[in-house]
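Student: Have a look at the structure that comes next, please.
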Amino acid sequence: MKETLRKLDFLLLPLLGAAVITGLWYFSSATWAGDLPNPTKTWTESKPYVLDPFGKRGEMDQGILRFTWLSLILVAKGYSIALILGTPIGFFLGLSKTFTKAFDPIIQILRPVSPLAWLPLGMVFFAKVKGVNISEMAALFTIALCSMWPTVLNTAVGVRAIPTDYMNVARVLKLSRWKTLTKVMIPATLPYMFTGFRLSLGIAWLVIVAAEMLTGRPGVGGFLWQQYNALVYEQIILCILTIGLVGFVLDRLMSVVERRFKTA
Amino acid sequence: MNDYLEIFNLKKVYPSAKGPQTIVQGFNLKLRKGEFVTVIGHSGCGKSTVLMMVAGLSTITDGGIVLAGKELDGPGPDRGIVFQSPSLLPWMTAKENVMLGIEQVFFTAEKAEREQIAEYYLTVVGLADSMHKKPGELSQGMRQRVGIARAFALKPKMLLLDEPFGMLDSLTRYELQAVLLELWRKNKITAMMVTHDVDEALYLSDRIVCMTDGPEAGIGEIIEVNFPRPRDRKAVMEHPDYYQLRARLIEFLEVHAHKKKPAALAPVSATAVAITA
């Protein structure tokens with residue numbers, strides 16, 4: 001009996017944890033947090049969004065997976081910009097002491113700034129640019145800027161950690177700069193780069209909610225904020241669970257990719 | 001006339017916390033074409049520093065090195081180097097590692113021809129069946145075989161070996177010494193090796209250069225090794241001169257290598273006095 005229980009640990013313990021949290025949730029909504037909908041009510045009110053996940057009844061009234069999809073597209077765009085800019089910056093930081101001395105202080109200062117602070121600046125940035133969707137550009141600006149740093153810093157660390165032995169091989173064989181970069185430096189740095197990419201993706205997803213809230217774009221975060229303003233609190237929790245679940249899946253996927261490159 | 005590699009008055013000074021420190025000084029050595037010379041000395045005496053200066057991977061403070069009538073300036077594929085750790089690129093297969101160098105040296109050759117060169121040398125070192133494996137799948141000894149194949153495949157003017165078998169167990173070391181000796185003999189290549197293994201030096205070399213301890217290390221003694229070639233380990237060890245030469249080398253390492261030590265220590269004790277005073 002004891003043996004079987006231990007074997008089911010992986011299933012029973014998380015269920016127990018979830019049950020405890022749900023219990024606290026019931027208790028809170030019944031006592032001190034009067035506005036908080038209890039789990040049953042949350043489920044009944046969220047049903048239409050979950051059972052018809054791709055439905056579209058209006059711009060701000062869509063199935064939860066449809067909203068997720070819109071958010072993911074925005075994240076994918078911002079995240080791509082972050083990688084395209086962040087990786088070369090990381091390489092420069094790793095390669096050049098002068099570059100590091102010039103830009104590291106400013107990076108260290110910009111890095112901890114919250115997305116909530118960047119977004120208004122993004123709006124200002126693109127306000128006078130013609131032919132663009134200002135709110136989208138501001139959101140992309142914020143996502144890219146906030147999620148870039150782990151990629152930048154990890155790439156820089158990876159470049160600095162390239163073993164002297166590998167560089168000596170390149171020097172002895174007189175490899176061209178291009179070949180040294182593509183055949184030696186990039187492969188040697190890849191494991192570090194992918195750790196950066198994974199952390200960056202986590203941040204990009206974190207930022208999306210803030211970006212959508214402030215710009216009012218349709219998506220999980222935008223939906224959450226709209227429902228809050230409309231005094232419909234049930235779907236806030238649905239959004240939070242969705243955001244958490246998607247973030248978790250993204251992180252798992254990236255760590256699979258990351259592990260592939262670890263052996264390199 | 002016959003000198004192929006000439007090292008003139010080589011000097012190496014490293015900056016250190018206590019000011020510049022002279023590692024090697026007044027190092028003069030000439031190698032004939034096709035000669036196998038071993039540099040022996042205690043760990044940290046600067047023998048690897050000398051080799052790395054010949055390789056061009058370490059800058060020369062003073063003096064000069066001439067290879068085949070041309071003064072050396074920086075590293076290049078005309079010197080095949082076998083490092084102590086094989087220094088293979090772990091994301092490439094054994095063959096790709098060897099090909100990387102071949103593509104640099106034989107860039108005019110057809111791709112098939114270049115592949116043939118890589119396959120030939122990998123086969124000669126005994127890796128015919130493992131050339132498509134990555135270094136992570138190879139044993140330490142096999143990795144060093146790739147390192148040797150990579151150096152020879154460049155058809156270099158010279159071979160530089162930096163304690164190439166130092167990290168191997170003795171059985172593997174014996175095997176690889178034989179592989180190296182065979183390749184050296186067939187390719188008639190000039191070789192300079194650094195080691196602290198007396199038997200290895202005797203088995204492989206034409207001459208053994210004994211270095212004194214650093215700082216300011218230099219050449220203490222040069223010993224001619226005239227065992228007949230091609231050499232067989234057993235025959236070498238049974239040669240009447242073997243134990244006499246071995247005893248001479250060990251005596252050098254145990255007694256004479258340190259002879260500069262007291263002089264080098266003197267300034268240190270002088271500062272100690274100054275501090276107490």
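The values are calculated or read from the model by the stated rules, or taken from the named source; none is laboratory data. In this text the structure is predicted, and so the values were computed from the model without any measurement. Note: ideal-geometry Cβ built from the backbone for every residue, glycine included; neighbour counts use all protein chains shown. Heads up: the accessible areas ignore ligands, DNA and RNA and are worked out on the full protein's heavy atoms, side chains in. Shrake-Rupley method; radii C 1.70, N 1.55, O 1.52, S 1.80 Å.
Student: Given +1 on the Cβ of Lys and Arg, -1 on the Cβ of Asp and Glu, and no further charges, what dipole in debye does chain B carry about its Cα centre, rounded to the nearest 20?
Tutor: 200
Student: Let me ask you something else. Just list whichever of A:LYS183/B:LYS95; B:LYS30/B:LYS70; B:LYS47/B:LYS134; B:LYS33/B:LYS70 have alpha carbons separated by over 20 Å in the model shown.
Tutor: Too far apart for the 20 Å limit: B:LYS47/B:LYS134.
Student: Here's something else I'd like to know. At a 1.4 Å probe, what is the % contribution of carbon and sulfur to the accessible area of the protein assembly as shown?
Tutor: 63
Student: Between B:SER43 and B:ALA68, 0.36 nm times their residue separation minus their Cα-Cα distance comes to what?
Tutor: Here the answer is 6.0 nm.
Student: In addition: Between the range A:238-254 and the range B:111-159, how far is it from one alpha carbon centroid to the other, in angstrom?
Tutor: Distance between centres, Cα-based: 48 Å.
Student: If exposed trypsin sites (Lys or Arg not before Pro) are those in a DSSP loop with at most 14 other Cβ within 10 Å, what is the longest stretch of chain B that has none?
Tutor: Within chain B, the longest run free of exposed trypsin sites (Lys or Arg not before Pro) spans B:34-187.
Student: Does anyone have the angle between helix A:134-160 and the longest principal axis of chain A? Alpha-carbon axes, 0 to 90°, nearest 10?
Tutor: 50
Student: Further question on the same structure: Which FRET efficiency, nearest 0.05, do B:ARG185 and A:THR164 yield, Cβ-Cβ r, R0 35 Å?
Tutor: With R0 = 35 Å, the Cβ-Cβ based efficiency is 0.60.
Student: Under 5 Å between amide hydrogens, which residues at least 5 positions from B:GLU35 or on another chain qualify, with H placed 1.01 Å from N in the peptide plane?
Tutor: Long-range HN contacts for B:GLU35: B:ALA191.
Student: Any idea which of A:SER255, A:ALA102, A:GLY244 is furthest toward the positive side of the dipole for chain A, if Lys and Arg beta-carbons carry +1 and Asp and Glu beta-carbons -1?
Tutor: A:ALA102
Student: A:LYS56: which lysines have alpha carbons under 16 Å from its alpha carbon, excluding same-chain residues fewer than 8 sequence positions away?
Tutor: Hits, sequence-local ones excluded: A:LYS47.
Student: Here's something else I'd like to know. Hey, could you grab the Kirkwood Rh for the protein assembly as shown? Inverse mean 1/r over distinct alpha carbon pairs, Å, one decimal.
Tutor: One over the average 1/r among Cα pairs gives 28.9 Å for the protein assembly as shown.
Student: Only protein chains counted, 1.4 angstrom probe. Which residues of the range A:163-177 are at least 10 Å² less accessible in the assembly than when their chain is isolated?
Tutor: By number: A:ASP165, A:TYR166, A:ASN168, A:VAL169, A:ARG171, A:VAL172, A:LEU173, A:LYS174, A:LEU175.
Student: If you put +1 on each Lys and Arg Cβ and -1 on each Asp and Glu Cβ, how big is the dipole of chain A around its Cα centre, in Debye rounded to 20?
Tutor: 1340
Student: Between B:GLU110 and B:SER139, what FRET efficiency comes out of the Förster formula 1/(1 + (r/R0)^6) with R0 = 30 Å and r the beta carbon distance, rounded to 0.05?
Tutor: 0.35
Student: Right, another one. Just check the range A:51-262 against the gyration tensor rule for me: Cα atoms, a ≥ b ≥ c as the square roots of the eigenvalues, rounded for a/c under 1.5, and otherwise prolate or oblate depending on whether a/b exceeds b/c.
Tutor: prolate
Student: Sticking with this one: Contour minus end-to-end for B:ASN2 and B:ALA128, with contour as 0.36 nm per residue of separation and end-to-end as the Cα-Cα distance?
Tutor: That pair, B:ASN2 and B:ALA128, stretches by 41.7 nm at full extension.
Student: Using alpha carbon centroids, what distance separates the range B:63-99 and the range A:5-80, in Å?
Tutor: First find each Cα centre; the distance between them is then 60 Å.
Student: To test your reading of the geometry: what angle, between 0 and 90 degrees and rounded to tens, separates the Cα axis of helix B:261-276 from the longest principal axis of chain B?
Tutor: 50
Student: Once R0 is set to 56 Å, what does the formula 1/(1 + (r/R0)^6) return for the Cβ-Cβ distance between A:ASN229 and A:LYS97, expressed as a FRET efficiency to the nearest 0.05?
Tutor: Rounded to the nearest 0.05, the efficiency is 0.65.
Student: What's the angle, to the nearest 10 degrees (0 to 90), between helix A:115-126's Cα axis and the longest principal axis of chain A?
Tutor: 70
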